[in-house]
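First the structure, in the form of structure tokens, and then the observations on it.
The values are calculated or read from the model by the stated rules, or taken from the named source; none is laboratory data. Here the structure is a predicted model, which means the values were calculated and not measured. Glycine gets a Cβ as well: all are built from the backbone with ideal geometry, and neighbour counts include every protein chain shown. Heavy atoms of the whole protein, side chains included, go into the accessibility calculation; ligands, DNA and RNA do not. Shrake-Rupley method; radii C 1.70, N 1.55, O 1.52, S 1.80 Å.
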Amino acid sequence: MKLLIVNPNISQSVTDLIATEAKRSVSATTQLTLRTAAFGVAYIETRAEAAVGAYATLNELAEHYAGHDAAIVAAFGDPGLEAAREMLPIPVVGLTESALMSAAMLGGRIGIVAISRRIRAWYSETVDRYGMASRLAGVRCLDEPLPNIGSVQQDKGEQLVALCDAAVREDGADVLIIAGAPLAGLARSVAERIPVPVVDGVSCAVHQAELLVRLSPHKATAGSYSAPPEKSWTGLSPALGQLIGRQRIS
């Protein structure tokens, strides 16, 4: 089995964190391909940044999905996930949806711990889009600049653990999601210090992707996730244009 993992952020240090946690999680026979967005921002916090990240992700998926059995959008908030599912013939999962669905099987009220106050609105809207708003205990987050996104776990680890504790004690969370690709692997290292189950989006997405491959679902040929209709296009990469338009204007 081969999985393609795309980091919608431009930070290679974050891709390295994703890779480390993914390698710890995959089955022994699963092969991984990691890609980092070619353009965009260091880490996504806003709706505008997410829109740019979604486009960058679709470009990477279009260029590299061939030969893979499933793909993962590796940023919390899942930028471009629905579009990727529409255009690709293989299963595509995202960190947020995978973490939420996994957390929902471990407890009732779900708390999210994140890296930025500005990110809260986008995260909350994503949870609502997946129909899980009624189970959201709250979003706790760091509230200070992050000069080095690749070292946030080392720089802010104790503060993140404190946020987890507050989410349980004050928000009533039954299960926690430590959210965002820059925090990949942190749940694994602090699980024994947290009094409720804690999940990581990368490990959840990897396991969900492997499961979907084993279920061998057929690509939709009808409905809103069937392939986009043919139409003329210009200004796209050839790989992306062939997936979402297929009739290029010269």
(request) Report, by residue number, each residue of segment 133-178 that is modelled with pLDDT under 90 and buried (at least 24 other Cβ atoms within 10 Å of the Cβ). (result) 152
(message) Looking for something part of a helix (DSSP H, G or I) and buried (at least 16 other Cβ atoms within 10 Å of the Cβ) - is there at least one such residue anywhere in segment 230-240?
(response) yes
(request) Taking only segment 85-109 into account, find how many residues are outside any helix (DSSP H, G or I) and surrounded by fewer than 24 Cβ atoms within 10 Å (Cβ to Cβ). (result) 9
(message) Between 174, 165, 155, which is more than 18 Å from residue 76 (Cα to Cα), of a type outside the set (S, T, N, Q) and in contact with a Gly (Cβ under 6 Å, 6 or more places away or on another chain)?
(response) 174
(request) Kindly list the number of the only condition in (1) open to solvent by less than 20 Å² (accessible area, probe 1.4 Å); (2) touching a residue at least 60 places away in the same chain (Cβ under 8 Å); (3) on the phi < 0 side of the Ramachandran plot that fails for residue 80. (result) (3)
(request) Please go through segment 23-44 and pick out each residue that is under 20 Å from residue 66 (Cβ atoms) and either buried (at least 23 other Cβ atoms within 10 Å of the Cβ) or without any contact (Cβ under 8 Å) to a residue 12 or more places away in the chain (or both). (result) 37
(request) Mind telling me which of the residues 136, 106 ends up being within 25 Å of residue 212 (Cα to Cα) and not hydroxyl-bearing (Ser, Thr, Tyr)? (result) 106
(request) Return only the number of the condition from (1) part of a loop (DSSP other than H, G, I, E, B); (2) buried (at least 17 other Cβ atoms within 10 Å of the Cβ); (3) in contact (Cβ under 8 Å) with a residue 60 or more places away in the chain that residue 224 does not satisfy. (result) (2)
(message) What's the total number of residues in segment 170-184 that are assigned to a loop (DSSP other than H, G, I, E, B) and more than 13 Å from residue 99 (Cα to Cα)?
(response) 5
(request) Taking the options 60, 125, name whichever one is of a type outside the set (A, V, I, L, M, F, W, C), under 22 Å from residue 182 (Cα atoms), open to solvent by 30 Å² or more (accessible area, probe 1.4 Å) and assigned to a helix (DSSP H, G or I). (result) 125
